[in-house]
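Notes follow the structure.
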Amino acid sequence: MDDVDDVRHSNDLVQRGQKHAWTRKRFEPLPGGPQATRRALAKVEQARAIVLVEGISDQIALEALAARRGRNLDGAAIVPIGGAQALGHFLNRFAAHGAVTRLAGLCDEGEEEVFRRCLERASFGANLTRVDMERLGFHVCVVDLEDELIRALGPATVEEVLEVQGDLGSFRTFQKQPAWRGQKLEKQLRRFMGSADRRKLRYARLLVEALDLARVPRPLDGVLAHLS
């Protein structure tokens, strides 16, 4: 290795070390899910905006993105409703808040039809398309939250996050399982992220923290924009 290559190699190592140090500093364990749900419901009575999301990982991702965007969520409550089937109940529950409260929501692609039916039954419109739902503030993740984040980051960056968190070895073991051996890397990562509840919650924030803010998944930015 000549002097020029040696300098380049050294700079490369320094940059990599700095990136990993930054990553370790920002990626810390997240409080348990039930605490997040109670915190959201406690805000509802004073909320000027309510976001209805399927699960706690969606809530965590939106709150983490708002923090990264410098968005103050005072006056907003992001409420995990425990699955798409509960949307109708919560739409009816929060309808009493009237025009002073702005409603929005986030769901997975597989639950889009359930969200659509609930919105139509709650008189938000008829024969709603996805574009109509977005105008109402209800956005759809394709295929789901994890898939959106993995596509935005790219699998190499996701693996880097796994390595920093000490989970890359577990992921390599997962990849050797007969059912997942030879599958596309993105599909393996998505399944690994969702294969344990606590991991799903942790990585909802970790992956948002790793995002380039110029490449944020459109549904997440769309929900936050509706709160303005």
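The values are calculated or read from the model by the stated rules, or taken from the named source; none is laboratory data. Being a predicted model, the structure only gives us computed values, none of them experimental. Glycine also receives a Cβ, built like all others from the backbone with ideal geometry; neighbour counts cover every protein chain displayed.
Output the number of the condition that Pro34 fails; it satisfies all remaining conditions of (1) surrounded by 11 or more Cβ atoms within 10 Å (Cβ to Cβ); (2) at pLDDT 50 or above.
(1) is the only condition that Pro34 fails.
For the stretch 119-163, give me each residue that is among the acidic types (Asp, Glu), within 16 Å of the chain's Cα centre (by Cα) and closer than 23 Å to Ala49 by Cβ.
Result: Glu148, single match.
Specify which of the listed residues (Arg172, Arg116) is in a helix (DSSP H, G or I), within 27 Å of Gly88 (Cα to Cα) and more than 16 Å from the chain's Cα centre (by Cα).
Arg116
Which pairs have Cβ atoms under 7 Å, sit 6 or more apart or on different chains, and link a residue in the stretch 147-167 that is more than 12 Å from Met193 (Cβ to Cβ) to one that is charged (D, E, K, R) and at pLDDT 95 or above?
Note: pairs meeting the criteria are Ala152/Arg215.
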